[in-house]
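Novice: Could you have a look at this structure, given as structure tokens, before my questions?
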Amino acid sequence: HSHLACADTPAHPANERQLTIFRAVVAAVRPARASLAASAGIALGRAFAFDLTRPGLALYGGRGSRPVAIIEARVVQIRTIPAGGSVGYGATWIAARDSRVAIVNLGYADGFACALGADGIVVIGQVPCPVVGRVSMDLIAVDVMAADVTEGDWVRVDFDLGRAAAATARSEYELLTGLGHRYALSS
């Protein structure tokens, strides 16, 4: 067994180099089973598969596979913020107009990274609504001017692993394993 060091970067020349070397080793050693590809390696194509693959992250919705986790959270409060009013620690979001903001019971303690505050999206019905202000430990604020939502409603967080990884400079693995123990699991 081996592991591709650069499979996360499909065009990296190390992938083909490792494949060539691994083929030679397999031909010389003739193991009962050979494995080179984990999730990112599987995405490189059949040539990297050999006898076994180790899908790991792909089983959990990473690497372009179908998501296996959906994050939902409850709206605990809705407030009208006047134009010029601020939301969150550091007053990082200032309302450009009178705004309707929902406070959602989800924060960094649940694995919703602080860095997602600027790019976070909560979907209400079919309406994408931006996260505004900083992510706090237990709550996020969401601009819901375009959505029909009331206190107590459940909303879905757009948690695309690839986008979240890029926005946070974290790996998809880290994001998935960081999802909090406070989530209720359902099937």
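Where a number appears in this text, it was derived from the coordinates with a stated rule and is not lab data. Just so you know, these numbers come straight off a predicted model, no measurement behind them. Neighbour counts are summed over all protein chains in view; Cβ atoms, including those assigned to glycine, are modelled from backbone coordinates with ideal geometry.
Novice: Using Cα pairs closer than 8 Å and at least 6 residues apart in sequence, work out the relative contact order for the stretch 13-54, in percent.
Specialist: Numbers: 33 pairs, mean separation 14.5, N = 42.
Result for the stretch 13-54 is 35 percent.
Novice: List the extent of the Cα atoms of the stretch 42-120 along each of their three principal axes, largest first, rounded to whole Å.
Specialist: Largest first, the stretch 42-120 extends 62, 22, 19 Å along its Cα principal axes.
Novice: How high is the relative contact order of the chain, in percent, with contacts defined as C-alpha pairs under 8 Å that are six or more residues apart?
Specialist: On the way: 349 pairs, mean separation 32.2, N = 187.
With pairs under 8 Å counted, the relative contact order is 17 percent.
Novice: Something else about it: Can you work out D for the stretch 44-187 in µm² s⁻¹ from Stokes-Einstein, where Rh is the Kirkwood radius over C-alpha pairs, the temperature is 20 °C and the viscosity is 1.002 mPa s?
Specialist: Values: Rh = 16.3 Å.
Answer from the Stokes-Einstein relation: 132 µm²/s.
Novice: Any chance you could tell me what percent of the C-alpha pair distances in the stretch 1-82 go past 16 Å?
Specialist: Percentage above 16 Å: 59.
Novice: Once you sort the root eigenvalues of the Cα gyration tensor of the stretch 13-54 as a ≥ b ≥ c, which label holds: rounded (a/c under 1.5), prolate (a/b larger than b/c) or oblate (the other case)?
Specialist: On the way: a/c = 2.64, a/b = 1.26, b/c = 2.09.
Oblate.
Novice: Where does helix 13-29 land angle-wise versus the long Cα axis of the chain, in degrees 0 to 90, nearest 10?
Specialist: Here the helix axis deviates by roughly 40 degrees.
Novice: Distance between Cα centroids, the stretch 99-159 to the stretch 1-51: provide it in whole Å.
Specialist: 41 Å
Novice: Right, another one. What Kirkwood Rh does the stretch 102-164 have if only Cα atoms enter the pairwise 1/r average? Answer in Å.
Specialist: Mean inverse Cα-Cα distance, inverted, gives 11.6 Å.
Novice: Suppose we keep just the DSSP beta bridges with both residues in the chain; what percent of those would be antiparallel, to 5?
Specialist: The answer is about 90 percent antiparallel.
Novice: Along the charge dipole of the chain, pointing to its positive end and built from +1/-1 on Cβ of Lys, Arg, Asp and Glu, which listed residue (5, 106, 25) has its Cα farthest out?
Specialist: Result: 25.
Novice: Net charge near residue 26: determine it from the other residues with C-beta under 14 Å of the C-beta of residue 26, scoring Lys and Arg +1 and Asp and Glu -1. Don't skip to the answer; put the middle values down first.
Specialist: Working: positive: 23, 30, 33; negative: 51.
Within the 14 Å Cβ shell, the charges total +2.
Novice: May I ask you to evaluate 6.51 cos²θ - 1.76 cosθ + 1.60, the Karplus curve with θ = phi - 60°, for each residue of the stretch 42-52 and list the ³J(HN,Hα) values in order in whole Hz, giving x for glycine and proline?
Specialist: These are the phi-based 3J(HN,Hα) values: 4, 5, 6, x, 4, 4, 8, 7, 6, 7, 9 Hz.
Novice: Could I ask something else about it? How would 108, 183, 89 line up from fewest to most surrounding beta-carbon atoms within 10 angstrom?
Specialist: Working: 108 20, 183 14, 89 10.
So the residues, fewest neighbours to most, are 89, 183, 108.
Novice: With only Lys, Arg, Asp and Glu charged, each at its Cβ (+1 for the first two, -1 for the last two), find how big the charge dipole of the chain is about the Cα centre; round to the nearest 20 debye.
Specialist: 720 debye
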